[in-house]
Structure formats: C-alpha cells, structure tokens
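Here is the structure we will look at.
The values are calculated or read from the model by the stated rules, or taken from the named source; none is laboratory data. Since we're looking at a predicted model, the values are computed, not measured. Cβ sites come from the backbone with ideal geometry, for glycine too, and all protein chains shown count toward neighbours.
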C-alpha cells in the first residue's frame, strides 16, 4: 500500500484547485490510501465579502477638507496618489507580513562578536522606504511651504492604513529634529540627513549615509514616565560636549535607528544626549540590546532594552535642561499618537463598512438594517471628530513653528487634550468595528485583531492618560495663555449650537478650582467641546447635530450604536462611507 508521502504527485487541474494543503486534506481526511479527491465540494462559498484591496485610503471627505482648511491643499494630489498606494493589495500585504514575521534579535555574529542587530522581514523595509520617501519622517522641517506639517500628518492618516508599527521610527525621526536644534553644531551635521527622503537600513557611519532615522531612549525600569528618577549617568570627557554614558533604558523602540536622543544624569542634572549606533570612526558604539519586548501589539516594531557602558554621547542643549530640551519632541510624538489613533479608527470603519455592504443576514444586507446603520453612523461620528481634531492640531503645529504665538499656546494645551481623549476612544472603537464583522473579525487573517491589539498602545506611549490629564492642568497653571487660546478657538462656534454653548459654559465653570481627581472629567469635556466646535463649523449639519446631541446634549448611551431616533443616519453614512448607499 502506498502512502501519500510515498506516492508521486502529478501536476493537474485538481492540484491547481486544491493547492498542496487542500490535496493533503482530501487524502488525509480519510486515512492512508483512501483514494483521489472526491471531485465535488460540500458547499459553495457565498455571502462573504470580496477583498477590500485595492481601495483608496484617502477617500475621506473629513480628511481632504481638513487638509485644505489647514493650509495644505497643495498636497492633495500627492495624498490621493498615496491613498491608492496604501490601499493597494501589495501595500496591505506588506503590513500583514511585517506583523506575521516579527523582528529577531541577533546579539552576536557567527564568530562570537557582539553586534546587537535586529533583523526585520523585507516587508518592514518596503513600508519604511515608502514612508520616508513620502516625507512622513523628518522632511517637513526642510520644507518652507506653509502647511508642510499638515501635509505630513495627512499622509500619516493615509499611509497608516498599511500598518502602525513602522510609524514609530518615522515619528521619532520627525520629533528629533526640533530637539536637536538646541545644539546648532549638531543640527548642522545631522538635520540634513534626518530630513532626507532616503531610507538606508544598514548600520554605517551616519555621515556616510544618504538618510538617517532617529530613536529615543528616555524611560528606565525604576521610573517610567518619571524620567527625573533616571539613574543612567553621563560623564564628561576631555573633548567639549562629549560624554560617556553608563546605565540602561527600559523601552527603546526601533533599535536599528542610526541615532538616539537619550536622557541621562550629568553633573548639572538630567540632560539630553545624542547617541549614534556607529561612531564617526566607523566603530560600533556600545549599545547592548538585552532583549526585545514581547508586546501585546505593535509586533512589527522591535522595542528593546539597551544597556550603555562607556557609550559615547554628545550633549544636546544645556546640561541639566534635558526635559526642556525634549519638550518640543514630546509635542510632536503626542500629535502622532492622536494621528495614529484616528488612522486606526478610519481604517477599521472602512473595513466594517466594506463587510456590511456585502454581507446579508435575515433577508437583508447588514448595511440596510437599522441597528447596524446606527452602529456605523456612531462610529463614523467618532472617526470624523478624531480626524478633524488631528488636522487642527497639525495646523497649530505648523503655524507655531513658523512663529505664531497664539497657535503655539493652543497647540500646547490642545495636543495634550487630544492625546488623552482620542487615544482613549481608540480601543472601544476598534472593538465595535471588529464586532461588525462578527466571528470573521475575530480571526487573525481579517486583520481586525491586529488593529484591536494596536489601539491601547497609543494611550500609553508618550504619556498615559493620567500623565496627559495632569499635563493639561500644568499647562493651565503655568501658562494662562493656553486657556485663552482654547476659549478663543471655542468662541469661533459661539451661537451655532445651544448644546455646545452650554458645554463651553460648564467648561468655564470647571476650570475654577480644577483638581487632580477631576482632571480626567475636565480634559474629556475640553476634548468634546473642541471636537464639537470643529464639526459645527465645518461638517455637514447631520454630523454636527448628531455629535452634539450624543456627546454634549445627554441624548446618548454608553455603547456605540445608541444614536437617538432623531439622528440623520443616512446623512452621516453618506458622508463617511459614500459607497454604503
């Protein structure tokens, strides 16, 4: 008797139909020698949606209108091109493969030499190369056009439809440039490379490459966000501005980046340093990667625990002013957390909308069933509000770096508010979008579990919810101009909606005697009034009315899909998912 493993297998139409795995099932399910596949199927595949890709990830009115409104309409053609690329089958496959084949740490080479390198799947490099070439890393700092930072943020909202992990090194590179400017002689050397649109993954002497990526090493295991408790020491050398570091970092992502901004205790206190992976003479700097984090999500992106021992570093900014030096960096990375959460919302809404347009249950398409329409419309409101706020924050950042002091004050408080609220809404949003797919959404190959695992990260990185809520209180206490800027923004919608006016009045009252225990409630109200003011001024009436009714007017439930009967569901859905009808 011949077994399957012994029997010669000939190419045939059956082989094409079943594939290798299908052929094994057909034989193996019935035991050895059970004969050829039966030649008929038990059922037809029906009532399943076709693949979403290819699709246009930029096909979002809220995104395109916000782009124009915030001064970057000149970037629309490029954004639409990027949207088609992000939604292509190839780019979507890159995102899937980069997460299925996770990075691997190689501490030593075959000869026993310490190398501390991380190997990535080729798809990771494809994604990063495209992102850098599209200007999603440091490029806006070299672009004099008004709206350059808005264009980058909009690009992130679109290209993020591929996958989220590779957005970490592009975000850190973007954020490193303004911090590095605290030491002009370092900025002169590194800024042209950090703002370049060239991606070179191999570790080499930084100045010999056409483009660089930057990382950050801030937190340590004993302190986390409380960086003033850092124990890594920085010892001055005989060369001015050059130090050696000794210590560790607890969460340093993208460890194959070319340079890192690191906090360490210098003689005058906590200071910021530039640490290259490769020194100017071509030798490897001491950057010992102890392990990679086994994270809930963000699996494509390696996050590491490096140790420094005689590691050469260059001082950035004055000694003892490390936190002040990196504050601009924090503003940038927090904006990117808001952007990434808004991207996940839009991506999962698109996935859910696609599914329900093609799935039938109980005699009707899911998208035509009232309760499903309510869920989708509610998700669409949340997504549009997140997108509008993200682009408003990007506009404030763009104008602030060009010298607008009022926008700088608004950016200072509104970015922390947006970081707190939008990233908090992400996990519940992605869970609801996943549920729209039912059991199909709980299966890895749908992609929805990856998005679900990614969502909580964005409320943790760059300061958890408590850190950002307290930062809002700090801004209000130390800089009264931030409150003035916030209310000046809200005043632009005064009189347009009574529920919004009432909420602004509650907010004004709440600022009196604000306490730490009430910080979250206060910041939530700030976020909702900001989002509502943007929608009242710029979104169609169906969107603005439903948002104000449910987020400010009290006509709401605790779950998504509880919009009141008075809500114009058709109007909201026609706006968010034009193909739904």
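Checked against the criterion of being over 27 Å from residue 326 (Cα atoms) and in a helix (DSSP H, G or I), the candidates 508, 524 yield just one match: 508.
Close contacts from segment 164-191, counting a first residue that is at positive phi and in the same structural domain as residue 139 (by TED's automatic domain parsing) and a second that is part of a helix (DSSP H, G or I) and crowded, with 24+ Cβ neighbours inside 10 Å, with Cβ to Cβ under 9 Å and a gap of 6+ residues or different chains, come to none at all. The condition of being within 22 Å of residue 158 (Cβ to Cβ) and touching a residue at least 60 places away in the same chain (Cβ under 8 Å) does not hold for residue 304.
Here is a yes/no grid of residues against (1) at pLDDT below 95; (2) outside any helix (DSSP H, G or I); (3) assigned by TED's automatic domain parsing to the domain that holds residue 314:
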{"position": "132", "(1), (2), (3)": "no, no, yes"}
{"position": "193", "(1), (2), (3)": "no, no, yes"}
{"position": "197", "(1), (2), (3)": "no, yes, yes"}
{"position": "215", "(1), (2), (3)": "no, yes, yes"}
{"position": "221", "(1), (2), (3)": "yes, yes, yes"}
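The residues listed here are 416, 352; of these, the one that is closer than 17 Å to residue 153 by Cα, at pLDDT 95 or above and either assigned to a helix (DSSP H, G or I) or in the same structural domain as residue 546 (by TED's automatic domain parsing) (or both) is 416. Picking from residues in segment 496-520 that are without any contact (Cβ under 8 Å) to a residue 12 or more places away in the chain and farther than 22 Å from residue 384 by Cα, the one that is surrounded by the most Cβ atoms within 10 Å (Cβ to Cβ) is 518.
When residue 142 is tested against (1) farther than 30 Å from residue 309 by Cα; (2) buried (at least 24 other Cβ atoms within 10 Å of the Cβ), just one condition goes unmet, and that condition is (2). From the list 73, 95, 78, 165, the one residue that fits, being under 24 Å from residue 389 (Cα atoms), out of contact with any strand residue (DSSP E or B) (no Cβ under 7 Å at 6 or more places or on another chain) and crowded, with 24+ Cβ neighbours inside 10 Å, is 165. Against the criterion of being under 26 Å from residue 287 (Cα atoms), outside any loop (DSSP other than H, G, I, E, B) and modelled with pLDDT of 95 or more, residue 96 does not qualify.
Given the conditions (1) at pLDDT 95 or above; (2) in contact with a strand residue (DSSP E or B) (Cβ under 7 Å, 6 or more places away or on another chain); (3) buried (at least 21 other Cβ atoms within 10 Å of the Cβ), which single one is not true for residue 295? Answer for residue 295: the failing condition is (3). When you look at residue 109, is it without any contact (Cβ under 8 Å) to a residue 12 or more places away in the chain, over 29 Å from residue 69 (Cβ atoms), surrounded by fewer than 24 Cβ atoms within 10 Å (Cβ to Cβ) and touching a strand residue (DSSP E or B) at 6+ places or on another chain (Cβ under 9 Å), yes or no? Answer is yes for this residue. Taking segment 251-335 and the strands (runs of 3 or more DSSP E) fully enclosed by it, the elements with 1 or more residues that are under 25 Å from residue 454 (Cα atoms) are at 259-266, 288-292, 303-316. For segment 323-349, a residue qualifies if it is modelled with pLDDT of 95 or more and closer than 30 Å to residue 185 by Cβ, and the qualifying residues are 332, 333, 334, 335, 336. In this structure, residue 516 does not satisfy being in contact with a helix residue (DSSP H, G or I) (Cβ under 8 Å, 6 or more places away or on another chain) and assigned to a helix (DSSP H, G or I).
Applying the criterion of being farther than 21 Å from residue 71 by Cα and in a helix (DSSP H, G or I) to the residues of segment 134-174, the residue that is farthest from the chain's Cα centre (by Cα) is 173. In this structure, does residue 203 turn out to be farther than 26 Å from residue 463 by Cβ and either surrounded by 23 or more Cβ atoms within 10 Å (Cβ to Cβ) or in contact with a strand residue (DSSP E or B) (Cβ under 8 Å, 6 or more places away or on another chain) (or both)? Here the answer is yes, as residue 203 does meet what is asked. Candidates 495, 561, 554: the one that is on the phi > 0 side of the Ramachandran plot, under 28 Å from the mean Cα position of the chain (by Cα) and either not in a helix (DSSP H, G or I) or not assigned by TED's automatic domain parsing to the domain that holds residue 406 (or both) is 561. Among the candidates 57, 62, the residue that is within 25 Å of residue 152 (Cα to Cα), modelled with pLDDT of 90 or more and in a loop (DSSP other than H, G, I, E, B) is uniquely 57.
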